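Heads up: the structure comes next, in structure tokens.
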Amino acid sequence: YKTTDGGATWTASQLGTPHTVLNKVSFASDQVGVAVGWQTTGGIQNGLVRTTDGGKTWTGRSLPTAALGVHLRADGSGIFGGSSGYYEYTTNSGQSFSPGGNRPNVAVRSVWAQGSNTWIMGGGFFNGGLYRTTNGGGTWTYTAGGSILDIYFPTDLVGYAGGEGGELKKTTDGGATWTTISSGVSGDINAVYFLNDQVGYVGTPGVLRKTTDGGATWTGFGPSNVMALHFYTPDSGYAVTVAGYLLKSVDAGASWTTLASGDIPDMLVRDAAFLNGRVVAVGNLGDVFVHYLTCNGAVSTPRVVQGGATLYSSFATGNQWYNSGGAIAGATGASYTPAVPGTYYVVHTSGQGCASTASNSITVVATSIPTVRVPGDLRLFPNPARGTVTIEVPQSLRREPVLVRNAAGQVVLVKGGTHPALLHLDLSRLPAGTYYLTLGGRGSALLVGR
């Protein structure tokens, strides 16, 4: 599919089934994505559709219940959820899903995967709020708080969740605990997006709202009824409204121009994904529409140089840093200091949403983070560990989150809250290998065996 009018209209990628709704869409990569939905009165099926060609074609399957939220990660892990706490998880970007066992008693409306066994689900109607598991659904912790409609984590630790009636919550420990913050609105928050832990936007039936201080204060401006938005650089971003208008800003959201009119027949947009040079929108009738952004020539490939322990991109903005485990959450600056050894590169995305080819790779054999290099900085035993490791927690660090990273630098386990002097951490669901455990400013290498 392509546009022949400079990107002024939407192109139908899939025409769905009457009385069927696709509610959320998520992509693991530029090519592989999943959308989920439900049937309405007279509908034929509760649906899940998947694409492996960037949204051009889709294949589907019926679900035993409605599905309202889905999230895929670059490493292939992901989850979708729906009615009565029903959820399924994947480790291969949605090629197959496995039903979860222990289910929260809530209508799941939004989800976020933090790894293969750590998931967050938000929902409402009854028992509304946020639910989090760190053991693949074996147990769930619950934070009460309205009907949650959208969740977004700009970093491994900092996340935001918005919902009905302007409900807005924030976490700084990977979802272990949440605090309510003011959004300044009473309408539903349908879309949440943050460039980093401080700068972000929420879409409401009223105007778009922006914060530059982590949600402490908000400014309202711009379009109304935004269902999805994304900024490729701090200044250049896109938003899609419920009526199908695609809007662009080049001044950090202060003003917006229309790229595509709301010309999607009989469809109300519920969500959209922003990819390399295109936007994929889903909504009523199970339809999928694609808008191709105008890319003026190839995007220049960035160059990475190393200065001491820090890597530097040749571009000041529009960066996404990667290692062997995929995209690094929150690593979008002009520089990046690796926390663990590995191979790193960067991809630059232009203001038009068009991505470059990968930069040259830099192999880091040692890092400047003492907690990674010095095995004995944090006392833990046994090491190697098989099922459970015990950590001696100093008094001053008992409210700091415990982070466990794999060899690729990805956070695979987070333990928040207030810790006892001896903290017993369950590692039974982690594959065998080398990990790096940090607590506050201290850490230790950890071998997990089987």
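Restricting attention to segment 210-222, the residues that are crowded, with 20+ Cβ neighbours inside 10 Å and either within 15 Å of Ser255 (Cβ to Cβ) or in contact with a Pro (Cβ under 6 Å, 6 or more places away or on another chain) (or both) add up to 1. Taken over segment 237-268, the residue count meeting the criterion of being surrounded by fewer than 20 Cβ atoms within 10 Å (Cβ to Cβ) and among the aromatic types (Phe, Trp, Tyr) is 0. Restricting segment 414-428 to residues that are under 12 Å from Ala176 (Cα atoms) and surrounded by fewer than 18 Cβ atoms within 10 Å (Cβ to Cβ) leaves a set whose member that is modelled with the lowest pLDDT is Gly417.
Residue selection: Thr317 fails the criterion of being in contact with a strand residue (DSSP E or B) (Cβ under 6 Å, 6 or more places away or on another chain), under 15 Å from Phe231 (Cβ atoms) and part of a loop (DSSP other than H, G, I, E, B). Among residues of segment 122-144 that are at positive phi, those with a Cβ under 7 angstrom from a residue that is at pLDDT below 95 and polar (S, T, N, Q), sequence gap 6+ or separate chain, pair up as Phe125/Ser147; Asn127/Asn105; Gly136/Asn117; Gly137/Asn102.
Among the residues of segment 228-236, is there at least one that is modelled with pLDDT of 95 or more and either in contact with a Leu (Cβ under 8 Å, 6 or more places away or on another chain) or buried (at least 23 other Cβ atoms within 10 Å of the Cβ) (or both)? Yes, because at least one residue in segment 228-236 is modelled with pLDDT of 95 or more and either in contact with a Leu (Cβ under 8 Å, 6 or more places away or on another chain) or buried (at least 23 other Cβ atoms within 10 Å of the Cβ) (or both).
Screening Gly175 with (1) part of a loop (DSSP other than H, G, I, E, B); (2) under 27 Å from Val269 (Cβ atoms) gives one miss only, at (2). As a summary of the residue check, Asp53 satisfies the conditions (1) of a type outside the set (Lys, Arg); (2) closer than 17 Å to Met267 by Cβ; (3) surrounded by fewer than 21 Cβ atoms within 10 Å (Cβ to Cβ); (4) at pLDDT 90 or above except for the one numbered (2). Looking across segment 292-314, the residues that are assigned to a loop (DSSP other than H, G, I, E, B) and either among the polar types (S, T, N, Q) or at pLDDT 85 or above (or both) come down to Thr294, Asn296, Ser300, Thr301, Pro302, Arg303, Ser314.
The values are calculated or read from the model by the stated rules, or taken from the named source; none is laboratory data. Here the structure is a predicted model, which means the values were calculated and not measured. Note that we place each Cβ from the backbone using ideal geometry, even for glycine, and neighbour counts take in every protein chain shown.
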